[in-house]
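Inspection log for the structure reproduced underneath, given as C-alpha cells.
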Amino acid sequence: MPPERAPDDVEPGDLAGVARPRETTRFVGHAGAEAAFAEGIASGRLHHAWLIGGPAGIGKATLAYRVARRLLADPEGISRAPGLDVEAAHPVAGKIAALSHPNLIALRRHRVPTAKTLPTKIPVDAARRALDLFGSTAGNAGHRICIVDSAEDLNANSANALLKMLEEPPPRALFLIVSHAPGRLLPTIRSRCRALMLRPLAEADVARVVSGFPAPFSAPDAEALGRATALAEGSVARAVAMLDPAMQRLVAEVETLLARRAHPDWRRILTLAETLAGREAEALFAASQEAVERFVAAELHRRRAEPPGRLAALVEVCENFGRAAREAAIYNLDRRPVVLSLFADLAGAVRTA
C-alpha cells in the first residue's frame with residue numbers, strides 16, 4: 001500500500017492512489033535494461049553514469065530506484081543473486097522509499113511546505129546541495145548514488161553543476177539520470193553517460209502493471225482497462241490517466257469532433273477550448289494533443305494510396321498544432337486560440353483535399 005502523504009507532499013508524475021517509483025519493488029518489462037545493470041554490478045565494472053531514456057511513464061525511474069536498492073542492500077558486493085530483486089521488507093527498501101538512506105540523493109522537483117505550487121525547474125542550489133553527497137565518505141564502503149528525475153527539469157546552471165561532477169566522478173559514485181527526451185540534453189552530459197533507451201511497454205505489460213496496483217487504487221473493469229491500455233502507447237502513467245472519467249469524456253469529445261471535421265460544430269469546439277484553457281488542464285490538453293496525433297496518423301494510413309500532395313495539408317495542420325501547443329506551454333499563452341485554429345485548419349484541409 002502506498003504510504004500516506006501530506007497534502008503538500010507533491011512531486012511531478014504523482015498518480016492518485018499509486019506508489020511512487022521509489023516506493024515499489026515491483027517491476028514489469030525492460031528485461032534487457034535490467035540485465036545490463038545486473039551484468040555491470042556482477043562484474044564490478046559498473047559505469048559511473050547512466051542515461052535512462054524513453055517516453056514518460058514506462059518505468060525509467062522505477063528501474064533507477066531498483067538499481068539503487070540492489071546496490072545499497074549489498075554494499076560490499078557479497079551477494080551473487082542474479083537480477084536486481086530486493087525484498088520489500090528489506091530495511092534498505094524502506095529507507096529508499098523515504099529518501100532517508102545516507103548514500104542516496106534524489107535530484108528532483110518537489111514542493112516545499114511553504115510553496116503553493118511545484119517549481120518549474122531544479123535550481124542550481126538544490127543541485128549543489130545534492131552533489132554535496134559526493135564530498136563525504138560513503139557509509140559501509142558502498143556506492144554513493146544520485147538519481148536525477150528528470151534531466152529535463154534541470155536549468156542551465158544546475159545542468160552544468162551536474163556536468164562538473166560527471167567529468168570528475170569520485171570513486172564508487174553512480175549517477176542514474178532519467179530523461180524523457182535525451183536528445184535535448186547537453187551533448188557533454190550525454191557523452192559522459194552510458195545510454196540505455198527503454199521502449200514503451202507492450203499493452204499486456206501495461207495492463208499487468210495497472211491491474212496489480214494495490215489499494216487504495218481502484219482496479220478498473222476489463223473493458224475500461226482495455227481501452228486505457230490501447231490509448232496509453234506503452235505508458236503506465238498514461239493508462240492511469242485514461243482511466244479517469246473526466247479524461248475519458250474529454251478524449252471521446254475530441255475524437256467525435258475530429259470525426260466531424262468537415263462540418264465543425266463550433267459551439268462544442270468552443271466549449272472544448274474553454275475546458276482546455278484552465279490552469280489545471282495541462283493533462284487534458286496533452287491528452288487532446290495525443291488524440292489529434294493519433295487521428296492524423298490513422299488518417300494518413302487509411303489514405304496511404306493517395307498522392308502525397310493530397311495529404312500534405314493534413315500533415316501541415318498537425319505540425320502547426322504541435323508548434324502552437326509548444327509555444328503556448330513555453331510562453332504561458334492562452335490555449336483557446338490553439339484549439340480553435342486546429343479545427344478551422346482541419347476544415348480547410350478537408351476542403352483542399
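Within region 312-339, the residues that satisfy the criterion of being hydrophobic (A, V, I, L, M, F, W, C) and modelled with pLDDT under 90 are 329, 330. Among what's in region 129-151 and is of a type in the set (D, E, K, R) and over 20 Å from residue 190 (Cα atoms), pick the residue that is modelled with the highest pLDDT. Step by step, filter region 129-151, then rank; the result is 144.
Table: residues versus (1) basic (Lys, Arg); (2) within 23 Å of residue 85 (Cβ to Cβ); (3) not in a helix (DSSP H, G or I).
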residue: 51; (1), (2), (3): no, no, yes
residue: 55; (1), (2), (3): no, no, yes
residue: 63; (1), (2), (3): no, yes, no
residue: 66; (1), (2), (3): yes, yes, no
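The helices (runs of 4 or more DSSP H) falling completely within region 79-185 that include 1 or more residues that are over 20 Å from residue 20 (Cα atoms) and among the small types (Gly, Ala, Ser) map to 124-131, 156-167.
Here residue 220 meets the list (1) crowded, with 17+ Cβ neighbours inside 10 Å; (2) in a helix (DSSP H, G or I); (3) without any contact (Cβ under 8 Å) to a residue 40 or more places away in the chain almost entirely, failing just condition (2). Take the residues of region 10-27 that are under 23 Å from residue 91 (Cβ atoms) and surrounded by 17 or more Cβ atoms within 10 Å (Cβ to Cβ): which is farthest from the chain's Cα centre (by Cα)? That would be 25. Within region 35-65, restricting attention to residues that are touching a residue at least 12 places away in the same chain (Cβ under 8 Å) and either polar (S, T, N, Q) or within 17 Å of residue 105 (Cβ to Cβ) (or both), the residue that is surrounded by the fewest Cβ atoms within 10 Å (Cβ to Cβ) is 48. The residues of region 203-217 that are within 12 Å of residue 236 (Cα to Cα) and in a loop (DSSP other than H, G, I, E, B), listed by number, are 212, 213.
Considering only residues in region 51-86 that are closer than 30 Å to residue 231 by Cα and among the hydrophobic types (A, V, I, L, M, F, W, C), the one that is modelled with the lowest pLDDT turns out to be 56.
The values are calculated or read from the model by the stated rules, or taken from the named source; none is laboratory data. Everything numeric in this text was worked out from a predicted model, so none of it was measured. Here the Cβ is made from the backbone with ideal geometry for all residues, glycine too, and neighbour counts use every protein chain on show.
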